[in-house]
Amino acid sequence: HSWPAPGAQVLCAAWSGECLGPARQQSYLSAPRNRPEGKVLETVGVFEAPKQHGKYETGQLFLHSVFGYRGIVLFPWQARLYDRDVASPVTEKSENAAGHGSKEVKGKTHTYYQVLIDARDCPHISQRSQTEAVTFLANHDDSRALYAIPGLDYVSHEDILPYSSTDQVPIQHELFERFLMYDQTKVPPFVARDTLCAWQEKNHPWLELSDVHRETTENIRVTVIPFYMGMREAQNSHVYWWRYCIRLENLDSEVVQLRERHWRIFSLSGTLETVRGRGVVGREPVLSKEQPAFQYSSHVSLQASSGHMWGTFRFERPDGSHFDVRIPPFSLESNKDEKTPPSGLHW
(Lines give C-alpha, C1' and ligand atoms only; values in the text may rest on other atoms or scores of the structure.)
Protein backbone atom coordinates (compact mmCIF):
# COMPACT_ATOMS: atom_id res chain seq x y z
CA HIS A 1 0.00 0.00 0.00
CA SER A 2 0.98 3.59 -0.54
CA TRP A 3 0.13 4.94 2.90
CA PRO A 4 -0.96 8.59 3.28
CA ALA A 5 1.14 10.71 5.59
CA PRO A 6 -0.26 11.13 9.12
CA GLY A 7 -2.03 14.47 9.27
CA ALA A 8 -3.12 14.36 5.63
CA GLN A 9 -6.77 15.16 5.10
CA VAL A 10 -9.31 12.45 4.35
CA LEU A 11 -11.36 13.77 1.46
CA CYS A 12 -14.81 12.60 0.43
CA ALA A 13 -16.96 13.61 -2.49
CA ALA A 14 -20.02 15.01 -0.73
CA TRP A 15 -22.10 14.63 -3.89
CA SER A 16 -21.64 10.88 -4.04
CA GLY A 17 -20.30 9.72 -0.69
CA GLU A 18 -17.29 8.32 -2.53
CA CYS A 19 -14.15 8.29 -0.39
CA LEU A 20 -10.82 8.85 -2.02
CA GLY A 21 -7.85 6.75 -0.98
CA PRO A 22 -4.30 8.15 -1.16
CA ALA A 23 -3.72 7.33 -4.85
CA ARG A 24 -6.97 8.88 -6.07
CA GLN A 25 -6.75 11.89 -3.75
CA GLN A 26 -3.69 13.08 -5.62
CA SER A 27 -5.44 12.93 -8.99
CA TYR A 28 -8.39 14.97 -7.71
CA LEU A 29 -6.23 17.54 -5.99
CA SER A 30 -3.95 18.04 -8.98
CA ALA A 31 -6.77 18.42 -11.48
CA PRO A 32 -9.70 20.13 -9.76
CA ARG A 33 -10.99 21.62 -13.03
CA ASN A 34 -11.78 18.14 -14.31
CA ARG A 35 -14.37 17.62 -11.60
CA PRO A 36 -17.98 18.03 -12.78
CA GLU A 37 -19.56 21.28 -11.72
CA GLY A 38 -21.10 21.15 -8.26
CA LYS A 39 -19.27 18.00 -7.24
CA VAL A 40 -17.24 19.23 -4.31
CA LEU A 41 -14.77 17.40 -2.10
CA GLU A 42 -15.18 17.76 1.65
CA THR A 43 -12.71 17.01 4.41
CA VAL A 44 -14.05 14.37 6.77
CA GLY A 45 -11.03 13.83 8.98
CA VAL A 46 -7.26 13.60 9.33
CA PHE A 47 -5.19 10.50 8.63
CA GLU A 48 -3.29 8.90 11.52
CA ALA A 49 -0.22 6.68 11.35
CA PRO A 50 -1.23 3.03 10.67
CA LYS A 51 -0.36 0.67 13.51
CA GLN A 52 2.43 -1.71 12.59
CA HIS A 53 2.00 -3.59 15.87
CA GLY A 54 -0.87 -4.05 18.28
CA LYS A 55 -4.50 -3.60 17.31
CA TYR A 56 -7.05 -0.84 16.79
CA GLU A 57 -9.58 -0.22 19.53
CA THR A 58 -13.36 -0.02 19.49
CA GLY A 59 -14.35 3.35 18.03
CA GLN A 60 -11.43 3.73 15.62
CA LEU A 61 -12.46 5.53 12.42
CA PHE A 62 -10.85 4.28 9.22
CA LEU A 63 -10.88 4.31 5.44
CA HIS A 64 -10.81 0.85 3.80
CA SER A 65 -7.59 0.75 1.77
CA VAL A 66 -9.09 -1.46 -0.99
CA PHE A 67 -12.80 -0.63 -1.16
CA GLY A 68 -12.50 3.00 -0.07
CA TYR A 69 -15.45 3.20 2.33
CA ARG A 70 -15.53 5.02 5.65
CA GLY A 71 -16.03 2.78 8.68
CA ILE A 72 -15.62 2.41 12.41
CA VAL A 73 -14.23 -0.53 14.40
CA LEU A 74 -16.70 -2.35 16.67
CA PHE A 75 -14.31 -4.98 18.06
CA PRO A 76 -11.29 -7.07 17.00
CA TRP A 77 -11.06 -10.82 16.38
CA GLN A 78 -7.93 -12.92 16.62
CA ALA A 79 -8.10 -15.27 13.63
CA ARG A 80 -5.86 -18.11 12.44
CA LEU A 81 -4.59 -17.24 8.97
CA TYR A 82 -3.70 -20.24 6.81
CA ASP A 83 -1.62 -18.69 4.03
CA ARG A 84 -0.63 -21.09 1.25
CA ASP A 85 1.57 -18.41 -0.30
CA VAL A 86 4.03 -18.71 2.57
CA ALA A 87 6.63 -21.47 2.28
CA SER A 88 6.30 -24.12 4.96
CA PRO A 89 9.17 -26.28 6.24
CA VAL A 90 6.77 -29.20 6.58
CA THR A 91 7.25 -31.92 3.98
CA GLU A 92 4.72 -32.44 1.23
CA LYS A 93 1.75 -34.66 2.02
CA SER A 94 0.31 -36.96 -0.63
CA GLU A 95 -3.33 -36.25 0.13
CA ASN A 96 -5.09 -33.94 2.51
CA ALA A 97 -8.56 -34.22 4.01
CA ALA A 98 -10.06 -32.36 1.09
CA GLY A 99 -8.87 -35.09 -1.22
CA HIS A 100 -6.11 -33.44 -3.24
CA GLY A 101 -2.40 -32.87 -2.86
CA SER A 102 -1.39 -29.95 -0.69
CA LYS A 103 1.22 -28.78 1.74
CA GLU A 104 0.61 -28.77 5.45
CA VAL A 105 -0.25 -25.18 6.34
CA LYS A 106 0.38 -23.76 9.78
CA GLY A 107 -2.07 -21.17 11.07
CA LYS A 108 -0.67 -17.78 12.06
CA THR A 109 -2.53 -15.40 14.36
CA HIS A 110 -3.85 -12.37 12.53
CA THR A 111 -6.16 -9.52 13.61
CA TYR A 112 -9.46 -8.87 11.85
CA TYR A 113 -12.15 -6.37 12.85
CA GLN A 114 -15.93 -6.33 12.93
CA VAL A 115 -16.82 -2.90 11.55
CA LEU A 116 -19.73 -0.66 10.56
CA ILE A 117 -19.74 0.73 7.00
CA ASP A 118 -20.92 4.31 6.46
CA ALA A 119 -24.33 4.05 4.75
CA ARG A 120 -23.42 6.96 2.44
CA ASP A 121 -20.69 4.82 0.91
CA CYS A 122 -22.65 1.56 0.54
CA PRO A 123 -24.19 2.38 -2.88
CA HIS A 124 -20.76 3.18 -4.31
CA ILE A 125 -19.06 -0.06 -3.24
CA SER A 126 -21.97 -2.40 -3.94
CA GLN A 127 -20.51 -3.46 -7.29
CA ARG A 128 -17.21 -4.39 -5.63
CA SER A 129 -18.23 -5.68 -2.22
CA GLN A 130 -21.48 -6.85 -0.69
CA THR A 131 -22.53 -4.63 2.18
CA GLU A 132 -24.70 -7.31 3.79
CA ALA A 133 -21.95 -9.82 4.49
CA VAL A 134 -23.26 -10.81 7.93
CA THR A 135 -26.27 -13.09 8.00
CA PHE A 136 -28.15 -14.97 10.71
CA LEU A 137 -30.54 -17.89 10.74
CA ALA A 138 -33.88 -16.64 11.99
CA ASN A 139 -34.86 -17.64 15.51
CA HIS A 140 -38.42 -18.79 14.86
CA ASP A 141 -40.40 -21.61 13.30
CA ASP A 142 -39.66 -20.71 9.68
CA SER A 143 -36.35 -22.51 9.30
CA ARG A 144 -35.77 -21.01 5.83
CA ALA A 145 -35.70 -17.42 7.07
CA LEU A 146 -32.41 -15.55 7.03
CA TYR A 147 -31.58 -12.18 8.56
CA ALA A 148 -29.08 -9.93 6.81
CA ILE A 149 -27.54 -7.06 8.74
CA PRO A 150 -26.65 -4.22 6.35
CA GLY A 151 -23.40 -2.35 6.59
CA LEU A 152 -21.35 -4.86 8.63
CA ASP A 153 -17.99 -6.12 7.39
CA TYR A 154 -14.87 -8.00 8.48
CA VAL A 155 -11.65 -6.10 7.76
CA SER A 156 -8.06 -7.29 7.96
CA HIS A 157 -5.62 -5.20 10.02
CA GLU A 158 -3.57 -4.15 6.98
CA ASP A 159 -6.67 -2.82 5.18
CA ILE A 160 -7.27 -0.18 7.89
CA LEU A 161 -6.28 3.42 7.09
CA PRO A 162 -6.99 5.09 10.45
CA TYR A 163 -8.20 8.66 10.71
CA SER A 164 -9.66 10.98 13.32
CA SER A 165 -12.60 13.35 13.10
CA THR A 166 -14.10 16.13 15.21
CA ASP A 167 -17.60 15.05 14.17
CA GLN A 168 -19.51 13.47 17.07
CA VAL A 169 -21.49 11.29 14.61
CA PRO A 170 -18.93 10.70 11.82
CA ILE A 171 -20.48 7.46 10.52
CA GLN A 172 -24.04 7.21 9.24
CA HIS A 173 -25.40 3.79 10.19
CA GLU A 174 -28.59 2.79 11.99
CA LEU A 175 -26.58 0.95 14.64
CA PHE A 176 -23.95 3.65 15.23
CA GLU A 177 -25.69 5.47 18.08
CA ARG A 178 -27.06 2.21 19.51
CA PHE A 179 -23.58 0.72 19.75
CA LEU A 180 -21.29 3.72 20.34
CA MET A 181 -21.28 7.02 22.19
CA TYR A 182 -19.04 10.04 22.05
CA ASP A 183 -16.58 10.57 24.92
CA GLN A 184 -14.08 13.37 24.31
CA THR A 185 -11.85 12.13 27.14
CA LYS A 186 -11.11 8.87 25.29
CA VAL A 187 -8.82 8.05 22.37
CA PRO A 188 -10.49 7.26 20.04
CA PRO A 189 -13.41 9.36 21.36
CA PHE A 190 -16.10 6.73 20.69
CA VAL A 191 -16.73 4.04 23.29
CA ALA A 192 -18.89 0.93 23.33
CA ARG A 193 -22.34 1.18 24.85
CA ASP A 194 -23.71 -1.68 26.93
CA THR A 195 -25.89 -2.63 23.95
CA LEU A 196 -22.80 -3.36 21.82
CA CYS A 197 -21.24 -5.49 24.56
CA ALA A 198 -24.52 -7.39 25.07
CA TRP A 199 -25.02 -7.88 21.31
CA GLN A 200 -21.49 -9.18 20.86
CA GLU A 201 -21.78 -11.57 23.79
CA LYS A 202 -25.21 -12.88 22.74
CA ASN A 203 -24.29 -13.41 19.09
CA HIS A 204 -20.62 -14.27 19.60
CA PRO A 205 -20.84 -17.83 18.15
CA TRP A 206 -22.40 -16.54 14.93
CA LEU A 207 -20.15 -13.51 14.50
CA GLU A 208 -16.86 -15.13 15.44
CA LEU A 209 -14.20 -15.21 12.79
CA SER A 210 -11.78 -18.01 13.62
CA ASP A 211 -10.07 -19.26 10.43
CA VAL A 212 -8.97 -17.39 7.30
CA HIS A 213 -7.61 -19.22 4.24
CA ARG A 214 -5.56 -17.57 1.50
CA GLU A 215 -3.89 -18.71 -1.73
CA THR A 216 -2.57 -16.97 -4.86
CA THR A 217 -2.59 -18.40 -8.40
CA GLU A 218 -1.16 -16.37 -11.31
CA ASN A 219 -1.37 -13.15 -9.29
CA ILE A 220 -5.02 -13.67 -8.31
CA ARG A 221 -5.33 -13.99 -4.54
CA VAL A 222 -8.34 -15.77 -3.08
CA THR A 223 -9.20 -15.27 0.59
CA VAL A 224 -11.93 -17.37 2.23
CA ILE A 225 -13.49 -16.84 5.66
CA PRO A 226 -16.03 -19.49 6.76
CA PHE A 227 -18.58 -18.93 9.55
CA TYR A 228 -20.74 -21.53 11.25
CA MET A 229 -24.37 -20.36 11.37
CA GLY A 230 -26.10 -23.11 13.28
CA MET A 231 -28.24 -26.22 12.88
CA ARG A 232 -31.84 -26.62 11.83
CA GLU A 233 -34.11 -29.65 11.98
CA ALA A 234 -35.77 -30.54 8.68
CA GLN A 235 -37.76 -33.68 7.88
CA ASN A 236 -36.46 -35.58 10.90
CA SER A 237 -32.84 -34.80 10.07
CA HIS A 238 -30.34 -32.14 11.08
CA VAL A 239 -29.13 -29.58 8.55
CA TYR A 240 -25.99 -27.58 9.40
CA TRP A 241 -25.46 -24.16 7.82
CA TRP A 242 -22.36 -22.08 7.12
CA ARG A 243 -21.76 -18.81 5.34
CA TYR A 244 -18.46 -18.05 3.68
CA CYS A 245 -17.00 -14.73 2.61
CA ILE A 246 -14.67 -14.70 -0.42
CA ARG A 247 -12.39 -11.92 -1.59
CA LEU A 248 -10.78 -12.03 -5.03
CA GLU A 249 -7.86 -9.68 -5.56
CA ASN A 250 -5.82 -8.99 -8.69
CA LEU A 251 -2.20 -8.37 -7.69
CA ASP A 252 -1.17 -7.68 -11.31
CA SER A 253 -1.90 -4.87 -13.76
CA GLU A 254 -3.51 -7.14 -16.39
CA VAL A 255 -7.31 -6.91 -16.56
CA VAL A 256 -9.06 -10.25 -15.97
CA GLN A 257 -12.71 -11.29 -15.65
CA LEU A 258 -14.21 -14.08 -13.56
CA ARG A 259 -16.27 -16.39 -15.78
CA GLU A 260 -16.98 -19.63 -13.91
CA ARG A 261 -16.85 -21.28 -10.51
CA HIS A 262 -16.22 -24.95 -9.79
CA TRP A 263 -16.82 -26.14 -6.22
CA ARG A 264 -16.38 -29.51 -4.58
CA ILE A 265 -18.14 -29.98 -1.26
CA PHE A 266 -17.32 -32.98 0.91
CA SER A 267 -19.57 -33.88 3.85
CA LEU A 268 -18.62 -36.01 6.84
CA SER A 269 -21.67 -38.10 5.95
CA GLY A 270 -19.63 -39.37 2.99
CA THR A 271 -21.14 -37.36 0.14
CA LEU A 272 -19.09 -35.41 -2.41
CA GLU A 273 -20.97 -32.75 -4.36
CA THR A 274 -19.73 -30.89 -7.44
CA VAL A 275 -21.13 -27.44 -8.25
CA ARG A 276 -20.38 -25.61 -11.49
CA GLY A 277 -21.81 -22.32 -12.64
CA ARG A 278 -21.32 -18.98 -14.36
CA GLY A 279 -19.75 -16.24 -12.28
CA VAL A 280 -20.50 -15.75 -8.57
CA VAL A 281 -23.69 -14.35 -6.98
CA GLY A 282 -25.00 -13.57 -10.46
CA ARG A 283 -21.98 -11.50 -11.44
CA GLU A 284 -18.85 -11.90 -13.54
CA PRO A 285 -16.64 -9.22 -11.96
CA VAL A 286 -13.74 -7.57 -13.78
CA LEU A 287 -10.57 -7.15 -11.73
CA SER A 288 -8.36 -4.31 -12.93
CA LYS A 289 -5.62 -2.07 -11.57
CA GLU A 290 -8.26 0.58 -10.76
CA GLN A 291 -10.73 -1.90 -9.21
CA PRO A 292 -8.50 -4.79 -8.09
CA ALA A 293 -10.81 -6.59 -5.67
CA PHE A 294 -14.28 -8.13 -5.43
CA GLN A 295 -15.85 -9.53 -2.25
CA TYR A 296 -19.02 -11.57 -1.78
CA SER A 297 -20.71 -13.97 0.63
CA SER A 298 -22.64 -17.17 0.06
CA HIS A 299 -24.07 -20.08 2.06
CA VAL A 300 -23.78 -23.85 2.16
CA SER A 301 -25.62 -26.54 4.10
CA LEU A 302 -24.64 -30.12 4.98
CA GLN A 303 -26.49 -32.99 6.59
CA ALA A 304 -23.42 -33.57 8.75
CA SER A 305 -21.71 -31.54 11.46
CA SER A 306 -18.55 -30.95 9.41
CA GLY A 307 -17.06 -31.12 5.94
CA HIS A 308 -14.66 -29.48 3.49
CA MET A 309 -14.91 -27.22 0.45
CA TRP A 310 -12.39 -26.42 -2.26
CA GLY A 311 -12.38 -25.65 -5.96
CA THR A 312 -11.37 -23.21 -8.69
CA PHE A 313 -12.45 -19.97 -10.32
CA ARG A 314 -11.97 -19.69 -14.08
CA PHE A 315 -10.76 -16.30 -15.28
CA GLU A 316 -10.54 -14.85 -18.78
CA ARG A 317 -7.75 -12.62 -20.10
CA PRO A 318 -8.27 -9.81 -22.65
CA ASP A 319 -6.97 -12.09 -25.44
CA GLY A 320 -9.72 -14.63 -24.71
CA SER A 321 -7.51 -17.22 -23.03
CA HIS A 322 -8.57 -18.77 -19.72
CA PHE A 323 -6.83 -19.89 -16.55
CA ASP A 324 -7.96 -21.51 -13.31
CA VAL A 325 -7.36 -19.99 -9.88
CA ARG A 326 -7.32 -22.29 -6.87
CA ILE A 327 -9.75 -21.78 -4.02
CA PRO A 328 -7.87 -22.82 -0.88
CA PRO A 329 -9.46 -25.86 0.83
CA PHE A 330 -11.23 -24.95 4.05
CA SER A 331 -13.05 -26.93 6.67
CA LEU A 332 -16.67 -26.48 7.70
CA GLU A 333 -16.81 -27.09 11.43
CA SER A 334 -19.84 -26.81 13.69
CA ASN A 335 -19.64 -25.51 17.22
CA LYS A 336 -19.05 -28.43 19.55
CA ASP A 337 -21.58 -27.33 22.13
CA GLU A 338 -25.11 -26.49 21.08
CA LYS A 339 -25.97 -22.84 21.61
CA THR A 340 -29.16 -20.84 21.41
CA PRO A 341 -29.83 -19.76 17.80
CA PRO A 342 -28.83 -16.16 17.06
CA SER A 343 -31.28 -13.43 17.86
CA GLY A 344 -31.01 -11.51 14.59
CA LEU A 345 -31.95 -7.87 15.09
CA HIS A 346 -34.18 -8.38 18.14
CA TRP A 347 -33.05 -6.44 21.21
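I'd like to know if the range 219-240 contains one or more residues that are over 28 Å from VAL115 (Cβ atoms), free of Cβ contacts under 8 Å to residues at least 12 places away in the same chain and not assigned by the TED database to the domain that holds TYR112.
yes
Say we look at the range 303-314 and pick out the residues that are part of a strand (DSSP E or B) and in contact with a Leu (Cβ under 6 Å, 6 or more places away or on another chain); which of these is surrounded by the fewest Cβ atoms within 10 Å (Cβ to Cβ)?
It comes out as SER306.
Are there any pairs with C-beta distances below 8 angstrom linking a residue in the range 41-54 that is of a type in the set (S, T, N, Q) to a residue that is open to solvent by 40 Å² or more (accessible area, probe 1.4 Å) and at pLDDT below 90, with the two at least 6 apart or on different chains, and if so which?
Cβ pairs passing all conditions: THR43/GLN9.
Could you go through the range 83-95 and let me know if any residue there is modelled with pLDDT of 90 or more and either outside the structural domain of LEU258 (by the TED database) or closer than 26 Å to HIS299 by Cβ (or both).
The answer is yes; a qualifying residue exists.
Just checking, does the range 196-215 include any residue being modelled with pLDDT of 90 or more, farther than 22 Å from THR111 by Cβ and not small (Gly, Ala, Ser)?
Checked the range 196-215: no residue is modelled with pLDDT of 90 or more, farther than 22 Å from THR111 by Cβ and not small (Gly, Ala, Ser).
Looking only at residues that are open to solvent by 70 Å² or more (accessible area, probe 1.4 Å) and modelled with pLDDT of 95 or more in the range 274-302, which one is farthest from GLU218 (Cα to Cα)?
THR274
Give me a count of the residues in the range 252-273 that are open to solvent by 20 Å² or more (accessible area, probe 1.4 Å) and within 26 Å of ILE149 (Cβ to Cβ).
Qualifying residue count for the region: 1.
List pairs: first residue in the range 284-305 and within 14 Å of THR135 (Cβ to Cβ), second residue in a strand (DSSP E or B) and acidic (Asp, Glu) anywhere in the structure, Cβ distance under 9 angstrom, at least six positions apart or on different chains.
Here the result reads SER297/GLU132, each pair linking the range 284-305 to a residue that is in a strand (DSSP E or B) and acidic (Asp, Glu).
Limited to the range 195-239, what total is found for residues that are of a type in the set (A, V, I, L, M) and outside any strand (DSSP E or B)?
4
Looking only at the range 170-194, filter to residues that are open to solvent by 40 Å² or more (accessible area, probe 1.4 Å) and within 21 Å of ILE125 (Cα to Cα); which one of those is modelled with the lowest pLDDT?
Filtering the range 170-194 for residues that are open to solvent by 40 Å² or more (accessible area, probe 1.4 Å) and within 21 Å of ILE125 (Cα to Cα), the one modelled with the lowest pLDDT comes out as GLU174.
The values are calculated or read from the model by the stated rules, or taken from the named source; none is laboratory data. All of these numbers come straight from a predicted model, not from anything done at the bench. Cβ: placed from backbone, ideal geometry, glycine included. Neighbour counts: every protein chain shown. Note: accessible area is taken over every heavy atom of the protein model, side chains too, but ligands, DNA and RNA are not part of it. Shrake-Rupley method; radii C 1.70, N 1.55, O 1.52, S 1.80 Å.
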